[in-house]
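To keep things clear, I will list the structure first and then write my remarks on it.
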Amino acid sequence: MDINELLLTALRASFVYFFLLLVVRVLGKREVGATSAFDLIVALILGEVVDEIIYGDVTILQGVVAIVVVAVWHLVNSWASFKSQFIDKLTGASPTVVVKNGEIQRKNLAKERLNEEELFSELRMMGVEDPKEVKQATLEPNGKISVLLADWAKPVQYQDLSKAGSKTQKRKS
Amino acid sequence: MELDLTGIIFRVSLMYLYALTLIRISGKQSIGQLSSMDLVVTLIIGDLFDDVFWAEVPLAQGLVGFGTVILTHMLVTCLSSRSKLTDRLVNSPARVLIQDGKLVQENLQHEWMRQETLQFELRLQGEEHPRGVQEARLEPEGQTSVIKAASNKPVQKKDLRLFR
């Protein structure tokens, strides 16, 4: 191991860094890691191919080609999913309603391989004790559960205040 | 190839301490605020290690490769926090997706974001309809931020005139 090889390693590492920076920038902020499980996998692929390049087990050109091919397919995928609802449904998950108007949708839960305990745990994390408080809970494509509260269970909003105010006393404007 | 266990223990420990030191120096407190590039760099780091563990590359080469990536990333993030131009080059700017209850189609188009996607981001923030939103942005880290419309906000103390 001579000093030249170390210098080359440093050079290759900086090159790989800036090249990936470019790729991530071109792919856009939502496409690497942020939204779906598959975006995370793409991030993992991009992170995983580089050791051979940096340590010089494959040539820079081979590495660049592999990264570009992954990036191009991911771009094509996200573009097609944007343009066509069919492809979006095909390649990405679609939302599943798991609680509707206080009723747990057992069929949908089963379809998503969730059990009630997991659902209750998610609801508790959102500060919801009783599914009756929920107007709609949805398992979203990114794997998180969104909770829309029933009207009566929502915290008081400013608009409610003016309604209540108009019943009792007129607000000074 | 015969791998002796003491060698593995030595290399793994050394790389662990080296990584710990460099990460501490780089000043990343947590992984809560990860940009796409932070994530990719994190993955690269993990990727660079195993080759050293199994002695597929010499220790020195591993130290240099890993150090270079971390230092370059430090340099770039440091520059982009100081210079507008670098920030503009490295990060894509926050884009407004909803303004005063209306979708900004041009920006949705620009980000290749379907309305369904925006809808689920809103639901995750407890908002059912763009109507109730004053402003939603796609932030540089890739998350969607939602500012509720004034009438839709929970009551604040100032509304009850507890504060003036």
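Just so you know, all these numbers are worked out from the coordinates, no wet-lab data involved. Bear in mind that the values here come from a model prediction, so they are computed numbers and not experimental data. A quick note on method: Cβ atoms are made from the backbone with ideal geometry, for glycine too, and the neighbour counts reach across all protein chains shown.
Per residue of B:105-115, other chain Cβ atoms within 10 Å of the residue Cβ number 3 on average.
For A:I3 and A:K144, FRET efficiency with R0 = 41 Å and r from the beta-carbon atoms, rounded to 0.05? My answer for the efficiency is 0.25.
Spin-label model, B:Q99/A:F18: points 7 Å from Cα along the beta carbon direction are separated by 3.6 nm. Considering the zone a paramagnetic label at A:L161 would reach in this model (a point 7 Å from Cα along the Cα-to-Cβ line), which residues of region B:135-164 have amide N under 20 Å from it? Residues B:135, B:147-164 qualify, since their backbone N sits under 20 Å from the label point. Only alpha carbons enter this Debye calculation for the protein assembly as shown, each as an equal point scatterer, and the log10 of I(q)/I(0) it gives at q = 0.07 Å⁻¹ is -0.41. Between the helical axis of A:60-83 and the longest alpha-carbon principal axis of chain A there is an angle of about 30 degrees.
Over all residues in A:36-48, what is the mean tally of Cβ atoms on other chains that come within 10 Å of each residue's Cβ?
Mean partner-chain Cβ count within 10 Å for A:36-48: 3.
In the protein assembly as shown, a dipole from Cβ-located charges (positive for Lys and Arg, negative for Asp and Glu) runs towards its positive end, and of A:Q159, A:S121, B:H129 it is A:Q159 whose Cα lies farthest in that direction. Couplings for region A:12-26, taken from phi via the Karplus curve 6.51 cos²θ - 1.76 cosθ + 1.60 with θ = phi - 60°, read 5, 5, 5, 4, 4, 4, 5, 5, 5, 4, 4, 4, 5, 5, 5 Hz in order; Gly and Pro are left as x.
Listed by Cβ neighbour count within 10 Å, with the fewest neighbours leading, B:E111, A:E133 appear as A:E133, B:E111. For region A:139-150, putting each phi into the Karplus relation 6.51 cos²θ - 1.76 cosθ + 1.60 with θ = phi - 60° gives couplings of 7, 8, x, 8, x, 9, 9, 9, 10, 9, 7, 4 Hz, in residue order, rounded to whole numbers and with x for Gly and Pro.
If only the Cβ of Lys and Arg carry +1 and only the Cβ of Asp and Glu carry -1, the dipole of chain B around its Cα centre is close to 1320 debye.
B:I98 sits among other residues whose Cβ lies under 15 Å from its own Cβ, and their net charge, with Lys and Arg +1 and Asp and Glu -1, is -2.
Using Cα pairs closer than 8 Å and at least 6 residues apart in sequence, work out the relative contact order for region B:27-141, in percent. Write out the running numbers ahead of the final one.
Details: 86 pairs, mean separation 29.6, N = 115.
Averaging sequence separation for qualifying contacts and normalising by length gives 26 percent for region B:27-141.
When the alpha-carbon atoms of region B:81-164 are used, the pair Rg, Dmax equals 15.5, 47 angstrom. Peptide packing: for A:14-23, A:106-115, the average count of neighbouring Cβ atoms within 10 Å per residue gives the ranking A:14-23, A:106-115, highest mean first. Put a plus charge on the Cβ of each Lys and Arg, a minus charge on the Cβ of each Asp and Glu, and nothing anywhere else: the dipole of the protein assembly as shown about its Cα centre is then about 2760 debye. Taking amide H positions as modeled 1.01 Å from N, with prolines and chain starts lacking one, the residues under 5 Å from B:K148 and 5 or more places away or on another chain are B:Q134.
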